[in-house]
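The values are calculated or read from the model by the stated rules, or taken from the named source; none is laboratory data. What you are looking at is a predicted structure, and each value in this text was computed from that prediction instead of being measured. Note that each Cβ is placed from the backbone with ideal geometry, even for glycine, and that neighbours are counted across all protein chains shown.
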Amino acid sequence: MADGGSVTNALLQVDDLNGWYGESHVLHGMSFVVGEGELVTLLGRNGAGKTTTLRGVMGILGQRRGSVRFAGAELIDQPSNVIAKAGIAYCPEERGIFASLNVEENLMLPPIVRPGGMTVEEIYAIFPNLAERRRSQGTRLSGGEQQMLAIARILRTGARLLLLDEPTEGLAPVIVQQIGALISTLKEKGFTILLVEQNFHFAATLADRFYVVEHGRVIDTIAAADLAASGPKLREYLGV
Amino acid sequence: MFGIPIQALFGQLLLGLINGAFYAMLSLGLAVIFGLLGIANFTHGALYMMGAFCAWFLLNLFGIGYWPSLILAPIIVGLFGILLERVFLRWIRNIDHLYGLMLTLGLAQIIEGVFRDQYGSSGKPYAIPAELTGGYNLGFMFLPTYRAWVIVLSMIVCFGTWFLIERTKLGAYLRAATENPVLVQAFGINVPRLVTLTYGFGVALAALAGVMAAPIYQVSPLMGTNILIVVIAVVVIGGMGSILGSIITGFSLGLIEGLTKVFWPEASSTVIFVIMAIVLLVKPSGLFGRAS
Ligand SMILES: Nc1ncnc2c1ncn2[C@@H]1O[C@H](COP(=O)(O)OP(=O)(O)OP(=O)(O)O)[C@@H](O)[C@H]1O
Ligand SMILES: [Mg+2]
C-alpha cells in the first residue's frame with residue numbers, strides 16, 4: 001500500500017501509529033507522511049479516526065504507540081507541550097475558544113515556539129472582524145468568527161506544521177470560501193498543513209495529496225493529479 | 001440607633017470587616033485552587049495555621065520579626081504546599097474530586113495533629129509590631145492601627161490577585177487551563193507546572209493570612225479548623241471558583257456576621273450557614289458562580 005514514500009523532504013512522518021481512548025483501540029497502524037510545504041488531507045467517513053489521528057500526532061491521546069517523527073525527531077514519548085514547542089500547532093474540531101478570555105487574549109494565548117510566525121498586525125489585516133471585536137468574550141463570536149480565531153491564534157506561534165480539523169464544519173458557504181482562500185494563502189506563505197476535511201470539494205481545490213482513512217488506518221493514497229480519475233473510487237470510500 | 005450605642009455598632013462592624021478580610025483572602029486561595037485543580041482544598045485551614053506558626057517560629061527561634069515574616073512565611077509554607085501537590089495531589093488529579101476532598105481533609109488532620117501534639121491546643125501570643133501599635137480616635141470609635149493595616153493590606157492583596165488572574169498573561173494561562181487544560185498544554189504550556197505553582201500560590205495566600213492573623217487571634221494549632229468551616233461556606237455562597245465572588249462575599253459576610261452580633265448576638269455564629277443554605281436552594285452555583 002502506498003504511504004507516500006515518494007516524498008523526499010518529509011516534515012511529518014507517522015508510522016504504525018496506534019491509539020486508544022481508555023480501553024477502546026481506535027487507531028490501528030496509521031502511516032502517512034507530510035512533506036515540507038505540502039498540504040495533505042485526511043478524508044474518511046464519520047468515526048474513521050481522523051480527529052484521533054491529529055490528537056495522536058499532538059500527543060493528547062490517553063495512550064499511543066508507534067512512531068511520530070517531526071523534522072527528524074521522534075515525538076511519540078513526548079508530552080503535548082514539548083510537541084507544540086517542536087513546531088506543531090493544533091486547531092481542534094470543536095475550536096476550543098476560551099469563554100473566560102476575550103478575543104485578543106485567545107489570540108495571544110499560544111506561546112511563540114520559534115521566530116518567523118505572523119505578527120498580530122498581519123493577522124488582524126487578514127481577519128478584520130477579530131480586530132473589531134478584540135475586547136469581546138471569545139465565545140460571543142459567531143461560529144465562523146470563532147473558527148477564524150481558532151486558526152488565527154496558531155499563526156502567531158511560528159509553528160511550521162498546522163493541524164486543522166474540519167475548519168469549515170457547519171459554516172456558511174461564503175465563510176467556507178474565505179477559509180479556503182486563507183488556507184491557500186497560508187500554503188503560499190510556506191506553512192505545512194495537515195487538513196482533516198469532510199467537505200471533499202473544499203479539500204479538492206487545496207490539497208497536494210489525500211489519504212483515505214477507514215477504521216483507524218490509511219486504506220488509500222491519492223495524488224491531486226489523479227483526483228479526477230479516482231472519483232468513483234472515492235465516492236465509494238466516503239459513501240457519498 | 002435601636003438603643004445600640006454607636007461605639008458598639010462600629011466596633012462590631014470593624015471586627016466583622018477584619019474577619020471578612022481573612023475570609024476573603026482564604027476563600028480567594030480556595031477559589032483559585034478549586035478552579036484549576038478541581039479540589040476543594042480542605043488543607044487550607046491547616047496551611048493558614050502553619051503561616052501563623054511559621055511567623056511565630058521565625059520570631060522565637062531566629063529573632064526574625066513581623067515584617068520579614070510577611071514575606072518569608074508565605075514562601076516557606078508555599079514551598080511546603082508545592083511539596084504536598086507534587087507528592088500527593090498530583091496523583092489523584094484525574095479521578096473523582098471526592099478523593100481530593102478526602103485526601104486534603106486527611107492531610108489537614110495530620111498537620112494539625114502534629115502541631116497539637118507538639119504545642120498543645122492553647123494559643124501563643126504574637127506581639128503587634130511596634131510600628132503598628134496604638135490607634136486613631138475617629139470620634140465615633142477607636143480604630144487600632146494594626147486592624148486598619150490588616151484591612152488595607154488584605155484589600156491590596158485581593159485586588160492584586162484579581163488583577164494577576166484577570167488582567168495578565170499568566171492569568172490568561174490560568175483561566176484557559178481552568179477551562180481546557182489539555183488544549184492549553186497542546187499549545188506548549190507546561191500545565192502540570194502551572195498547576196503546581198497555582199497550588200503554591202493559593203497556599204502562600206493562606207500563609208500570608210496566617211501571619212496577618214497572628215497578632216489578632218492567637219497562634220494555635222486549631223485556628224485553621226475554626227475558620228475553614230466558615231470559609232468553605234463563603235466559597236459556596238460566592239460560587240466555587242469565582243475570584244471576584246470570593247473577595248466580595250468574604251468581606252460582605254464578615255460584615256453581616258458583625259452586624260448580627262450587634263442585633264442578635266446568639267445568631268452571629270450561624271448566620272453565614274443560614275445564608276449558605278438559602279443560596280444553595282435558590283442559586284446552587286453560588287451568587288457569582290457560572291452554572292455548569
Ligand atoms: N473521547 C472518546 N472516547 C472514546 N471513543 C472515542 C472518543 N472520541 C472518539 N472516539 C471513537 O473513536 C473513533 C474515531 O473517532 P474520530 O473522532 O477520530 O473520528 P473522525 O474521523 O474524526 O470522525 P468525524 O468525521 O465525525 O469527526 C470513533 O469510533 C469514535 O466513536
Ligand atoms: Mg473528527
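Looking only at residues in the range B:139-177 that are under 19 Å from the mean Cα position of the chain (by Cα) and of a type in the set (Ser, Thr, Tyr), the one that is nearest to B:Leu244 (Cα to Cα) is B:Thr161. Each residue in the range A:138-166 was checked for being of a type outside the set (Val, Ile, Thr) and closer than 19 Å to A:Gly37 by Cβ, and 8 of them qualify. Number of residues in the range A:62-94 that are touching a Leu at 6+ places or on another chain (Cβ under 7 Å), within 8 Å of chain B (Cβ to nearest Cβ) and either away from ligand 1 (no atom under 16 Å from the Cβ) or β-branched (Val, Ile, Thr) (or both): the value is 2.
Here's the yes/no breakdown for (1) part of a helix (DSSP H, G or I); (2) crowded, with 16+ Cβ neighbours inside 10 Å; (3) in contact (Cβ under 8 Å) with a residue 24 or more places away in the chain; (4) not aliphatic (A, V, I, L, M):
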residue	(1), (2), (3), (4)
B:Tyr136	no, no, no, yes
B:Cys158	yes, yes, yes, yes
B:Gly202	yes, yes, yes, yes
B:Leu205	yes, yes, yes, no
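Of the strands (runs of 3 or more DSSP E) lying entirely inside the range A:107-214, those carrying at least 3 residues that are within 14 Å of another protein chain (Cβ to nearest Cβ) and buried (at least 21 other Cβ atoms within 10 Å of the Cβ) are A:161-165. Is it true that B:Arg116 is in contact (Cβ under 8 Å) with a residue 60 or more places away in the chain and more than 21 Å from B:Val211 (Cα to Cα)? No.
Any residue at all in the range A:57-80 that is within 16 Å of ligand 2 (Cβ to nearest atom), without any contact (Cβ under 8 Å) to a residue 12 or more places away in the chain and within 14 Å of the chain's Cα centre (by Cα)? The answer is no; no qualifying residue exists.
Which members of the range B:178-209 meet the condition of being of a type in the set (Gly, Ala, Ser), at the interface with chain A (Cβ under 10 Å from one of its Cβ atoms) and touching a Phe, Trp or Tyr at 6+ places or on another chain (Cβ under 6 Å)? Of everything in the range B:178-209, just one residue is of a type in the set (Gly, Ala, Ser), at the interface with chain A (Cβ under 10 Å from one of its Cβ atoms) and touching a Phe, Trp or Tyr at 6+ places or on another chain (Cβ under 6 Å), namely B:Ala186. Output yes when any residue across the range B:79-90 is of a type in the set (D, E, K, R) and either modelled with pLDDT of 95 or more or within 30 Å of B:Ala148 (Cβ to Cβ) (or both), and no when none is. For the range B:79-90, residues of a type in the set (D, E, K, R) and either modelled with pLDDT of 95 or more or within 30 Å of B:Ala148 (Cβ to Cβ) (or both): present.
To keep it simple, each residue is scored yes or no on (1) within 16 Å of ligand 1 (Cβ to nearest atom); (2) within 19 Å of A:Pro167 (Cα to Cα).
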{"residue": "A:Leu182", "(1), (2)": "no, yes"}
{"residue": "A:Gln198", "(1), (2)": "yes, yes"}
{"residue": "A:Ala204", "(1), (2)": "no, yes"}
{"residue": "A:Phe210", "(1), (2)": "yes, yes"}
{"residue": "A:Val213", "(1), (2)": "yes, yes"}
{"residue": "A:Gly216", "(1), (2)": "yes, no"}
{"residue": "A:Ala223", "(1), (2)": "no, no"}
{"residue": "A:Ala229", "(1), (2)": "no, no"}
{"residue": "A:Leu238", "(1), (2)": "yes, yes"}
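The residues listed here are B:Thr178, B:Thr198, B:Thr168; of these, the one that is polar (S, T, N, Q), surrounded by 23 or more Cβ atoms within 10 Å (Cβ to Cβ) and closer than 14 Å to B:Val32 by Cβ is B:Thr198.
Cβ-Cβ contacts under 9 Å between residues 6 or more apart (or on different chains), taken from a first residue in the range A:21-46 that is within 14 Å of chain B (Cβ to nearest Cβ) to a second residue that is more than 10 Å from ligand 1 (Cβ to nearest atom) and modelled with pLDDT under 95, are listed as A:Tyr21/A:Gln63; A:Gly22/A:Gln63.
Taking the range A:184-240 as the range and being over 15 Å from the mean Cα position of the chain (by Cα) and of a type in the set (D, E, K, R) as the test, the residues that pass are A:Glu188, A:Lys189, A:Glu214, A:Arg217, A:Asp220, A:Asp226, A:Lys233, A:Arg235, A:Glu236. For A:Thr51, the conditions (1) within 16 Å of ligand 1 (Cβ to nearest atom); (2) at pLDDT 95 or above; (3) more than 14 Å from chain B (Cβ to nearest Cβ) are fulfilled apart from (3).
Determine if the range B:254-263 includes at least one residue that is more than 14 Å from every other protein chain (Cβ to nearest Cβ) and within 15 Å of the chain's Cα centre (by Cα).
Checked the range B:254-263: at least one residue is more than 14 Å from every other protein chain (Cβ to nearest Cβ) and within 15 Å of the chain's Cα centre (by Cα).
Take the residues in the range A:83-94 that are within 16 Å of ligand 2 (Cβ to nearest atom) and surrounded by 22 or more Cβ atoms within 10 Å (Cβ to Cβ), then tell me which one is nearest to A:Ala150 (Cα to Cα). For the range A:83-94, the residue satisfying everything is A:Cys91.
Condition check ((1) without any contact (Cβ under 8 Å) to a residue 60 or more places away in the chain; (2) farther than 18 Å from B:Phe42 by Cβ; (3) part of a loop (DSSP other than H, G, I, E, B); (4) not aliphatic (A, V, I, L, M)) across all residues:
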| residue | (1), (2), (3), (4) |
| --- | --- |
| B:Gly210 | no, no, no, yes |
| B:Pro215 | no, yes, yes, yes |
| B:Gly224 | no, no, no, yes |
| B:Val231 | no, no, no, no |
| B:Val235 | no, no, no, no |
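Condition first: in contact (Cβ under 8 Å) with a residue 24 or more places away in the chain, assigned to a loop (DSSP other than H, G, I, E, B) and not aliphatic (A, V, I, L, M). Can you find one or more residues in the range A:217-225 that meet it? For the range A:217-225, residues in contact (Cβ under 8 Å) with a residue 24 or more places away in the chain, assigned to a loop (DSSP other than H, G, I, E, B) and not aliphatic (A, V, I, L, M): absent.
One residue alone among B:Ala148, B:Ala172 is free of Cβ contacts under 8 Å to residues at least 24 places away in the same chain, more than 14 Å from chain A (Cβ to nearest Cβ) and under 25 Å from B:Gly250 (Cβ atoms), and that residue is B:Ala148.
Every listed requirement among (1) assigned to a strand (DSSP E or B); (2) touching a Phe, Trp or Tyr at 6+ places or on another chain (Cβ under 9 Å) is met by A:Thr52 save one, (1). For A:Gly22, the criteria (1) surrounded by 15 or more Cβ atoms within 10 Å (Cβ to Cβ); (2) within 12 Å of ligand 1 (Cβ to nearest atom); (3) at positive phi hold in every case but one, which is (1).
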